[in-house]
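Please read the structure below before turning to the comments.
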């Protein structure tokens, strides 16, 4: 079950963390641009126009804007002041509870001792 569900979820999480979603979206945008530009000219000219960077489509502009917005976000979140004060406190000594002598219970009690008498009836055999 873990391999059937866990590994695909792990792969999807790693793919997203590495920015793979931007690569997929950019590939979709480039494919659309190639198809659109090849209607008016040859495939070679469409490829040059697509990857030249001089005529980006709306999807490419949106992807670039979102990438820039994502890169401006801080990598870490600063904790609030209360947490900082708590973490900056000096080490408080905590005393261990008082020790008491320990011993195990009796080796055999009425529930754990083996039975000395045989069972009243023979044990049924599963067919």
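Odds and ends about this structure:
- Placing dummy labels 7 Å off each Cα toward the beta-carbon, the span from residue 22 to residue 42 is 3.5 nm.
- Fewest neighbouring Cβ atoms within 10 Å first, the residues 2, 25 line up as 2, 25.
- Sites residue 62 and residue 5, calculated FRET efficiency, Cβ-Cβ separation with R0 41 Å, nearest 0.05: 0.80
- Three-way shape call for region 19-75 based on the alpha-carbon gyration tensor, with the a/c threshold at 1.5: prolate
- Sequence ranges 97-104, 63-70, 31-38, ranked by mean other-Cβ count within 10 angstrom, highest first: 31-38, 63-70, 97-104
Read-outs: derived from the displayed coordinates by stated rules, not from any lab. What you are looking at is a predicted structure, and each value in this text was computed from that prediction instead of being measured. Positions of Cβ are backbone-derived with ideal geometry, glycine not excepted, and every protein chain shown enters the neighbour counts.
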